[in-house]
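The values are calculated or read from the model by the stated rules, or taken from the named source; none is laboratory data. For clarity, every value in this text was computed on a predicted model and none was experimentally measured. The accessibility values were calculated without ligands, DNA or RNA, using every heavy atom of the protein model including side chains. Shrake-Rupley method; radii C 1.70, N 1.55, O 1.52, S 1.80 Å.
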Amino acid sequence: MATLTQCQIENDPDLQLIVQAKNVEASRLENLEASVDYQRDRRWTTWLNPNPIGILQNLLGGGDRQRAELQIRTTEAQADASRLNLVEADIRTEMRKKAIAEQIQADLDQLADLEAELMAEQKRLQLFEIYFQRGQGSPAEYLNFQNRLAQLTAEKENLTAKINNICEDEQ
C-alpha cells in the first residue's frame, strides 16, 4: 500500500501543479522579503530633501517618509499573504496525499471484496452444476451464473490492472 501510494503521489498531476505553484510563491516571498529589507535600509533617505516643505511634511508625519513607511507596510502585507499561500499549499498537498491514500485503500478493499464475491460465486456455480447434473435447475439459471462469474472476473481484472498501472506509469 505504501509503495502504491508513493507511486501515485509521484505521478499525480494535481500535486505537481501544487508544487510548481508553491515554488513560484516561495520565490515571490523571497523577493518581497528582500524588498522590505532594502526599503527599510533606504528609508532614512526620505529625510534628505532639499525642499523645506518636504522636510516640514516629514517632521509632521507626512510626505516622503510617510509614503516610504506605507510602502514598507504594503510590501510586508504582501509577504504575509505569500506566507499564507505557502501554508495553504502545504495543506492542499497533505489533503491531496491523504485523498490518494484513501482512494488506493478503497481500491484495495474493493479488490478484496471482489475476490471474496468471486470465490463465493464460484462455489455457488459448483453447487448449481451438481444440482444441474441431477436434473434440477434450468439452462437459463446456469447461464446467469456464468454471466455473473464473467462480470465479476472482468471487474476484478480491470481493478487489478488499474492498481498495477499505478507504479508502471512511473517507468
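Quick one: what are the phi-derived ³J(HN,Hα) couplings along segment 81-87, Karplus 6.51/-1.76/1.60 with θ = phi - 60°, whole Hz, x for glycine and proline?
5, 5, 4, 5, 4, 5, 5
What are the ³J(HN,Hα) couplings of segment 130-146, residue after residue, when phi is run through the Karplus curve with 6.51, -1.76, 1.60 and θ = phi - 60°? Round to Hz, x for glycine and proline.
Values, residue by residue: 5, 5, 5, 5, 8, x, 9, x, 10, x, 5, 5, 4, 5, 4, 4, 4 Hz.
Please compute P(r) over all alpha-carbon pairs of the chain, binned at 5 Å starting from zero, and give each bin as a whole-number percent.
Whole-percent P(r) values from 0 Å outward: 1, 7, 10, 9, 8, 7, 7, 6, 6, 6, 5, 5, 4, 4, 3, 3, 2, 2, 2, 1, 1, 1, 0, 0.
Rounded to a whole number, what % of the accessible area of the chain do carbon and sulfur atoms account for, probe 1.4 Å?
On the chain, the fraction of accessible area on carbon and sulfur atoms equals 54 percent.
Evaluate the relative contact order of the chain (contact order divided by residue number), counting alpha-carbon pairs under 8 angstrom at least 6 apart; express in whole percent.
Dividing the mean separation by the residue count of the chain yields 33 percent.
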